[in-house]
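The values are calculated or read from the model by the stated rules, or taken from the named source; none is laboratory data. For clarity, every value in this text was computed on a predicted model and none was experimentally measured. Cβ atoms come from the backbone with ideal geometry, glycine included; neighbour counts cover every protein chain shown. The area values use the complete protein model at the heavy-atom level, side chains included, leaving out ligands, DNA and RNA. Shrake-Rupley method; radii C 1.70, N 1.55, O 1.52, S 1.80 Å.
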Amino acid sequence: VVLSARLVREIRRNSVDLPAASTRLMSLLDELGPSTVGALAQADRCSQPTMTGLVHGLVEKGWLQRQPHPDDARSALVSMTPEGRQKLTAVRRRNAALVAERIESSGRSEEELATAVAVLSDLLHHDQPSNT
């Protein structure tokens with residue numbers, strides 16, 4: 001966990017044009033689709049006022065948009081704009097390139113890397129430990 005966190009921090013240091021919180025928010029929207037501020041705050045485990053501020057800042061940049069919620073006139077749905085999707089794609093590509101550079105210089109084989117990715121995927125998608 002510590003090593004994974006260090007790698008993530010190092011990659012994020014190179015994403016100076018899009019802060020980590022903004023990248024997380026846009027990634028959440030990419031994963032969840034249009035969502036309310038409350039749902040985004042819950043998914044990101046932050047307060048609703050904090051999420052409101054993040055959303056507001058990205059709406060001002062033109063990367064997110066708010067639209068009336070079709071089922072609840074009191075709330076709005078937040079979604080990414082095409083410009084926001086392009087920005088997220090660019091950040092992900094840059095992050096992937098930085099990780100690829102690290103992988104290339106590590107001297108690990110493709111099989112070792114495939115195993116590492118499979119293990120991480122299993123850990124992230126495994127809801128509860130088995131009782132066997």
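Is it true that VAL1 is over 24 Å from LEU124 (Cβ atoms) and β-branched (Val, Ile, Thr)?
no
Residues that are touching a strand residue (DSSP E or B) at 6+ places or on another chain (Cβ under 9 Å), closer than 26 Å to ILE103 by Cβ and open to solvent by 30 Å² or more (accessible area, probe 1.4 Å), at least 1 per element: which helices (runs of 4 or more DSSP H) completely within region 1-83 meet that?
Qualifying helices (runs of 4 or more DSSP H): 20-32.
Of the residues that sit in region 24-76 and are touching a His at 6+ places or on another chain (Cβ under 8 Å) and small (Gly, Ala, Ser), which one is nearest to VAL91 (Cα to Cα)?
ALA76
With respect to GLU111, is the statement that it is exposed (fewer than 12 other Cβ atoms within 10 Å of the Cβ) and closer than 23 Å to ARG13 by Cβ true?
no
Could you give every pair whose Cβ atoms fall below 9 Å, whose first residue belongs to region 101-112 and is more than 12 Å from LEU7 (Cβ to Cβ) and modelled with pLDDT under 90, and whose second residue is among the aliphatic types (A, V, I, L, M) and open to solvent by less than 90 Å² (accessible area, probe 1.4 Å), counting only separations of at least 6 or pairs across chains?
ARG108/ALA116
When both residues are 6+ apart or on different chains and their Cβ atoms are under 7 Å apart, which pairs have a first residue that lies in region 71-93 and is under 15 Å from VAL59 (Cβ atoms) and free of Cβ contacts under 8 Å to residues at least 60 places away in the same chain, and a second that is of a type in the set (Asp, Glu) and assigned to a helix (DSSP H, G or I)?
Hits for this filter: MET80/ASP30.
Please count how many residues of region 1-56 are of a type in the set (A, V, I, L, M, F, W, C) and free of Cβ contacts under 8 Å to residues at least 24 places away in the same chain.
Matching residues across region 1-56 total 13.
I'd like to verify a number: residues in region 84-107 that are charged (D, E, K, R) and either surrounded by 15 or more Cβ atoms within 10 Å (Cβ to Cβ) or under 16 Å from the mean Cα position of the chain (by Cα) (or both), how many?
Final tally of qualifying residues: 5.
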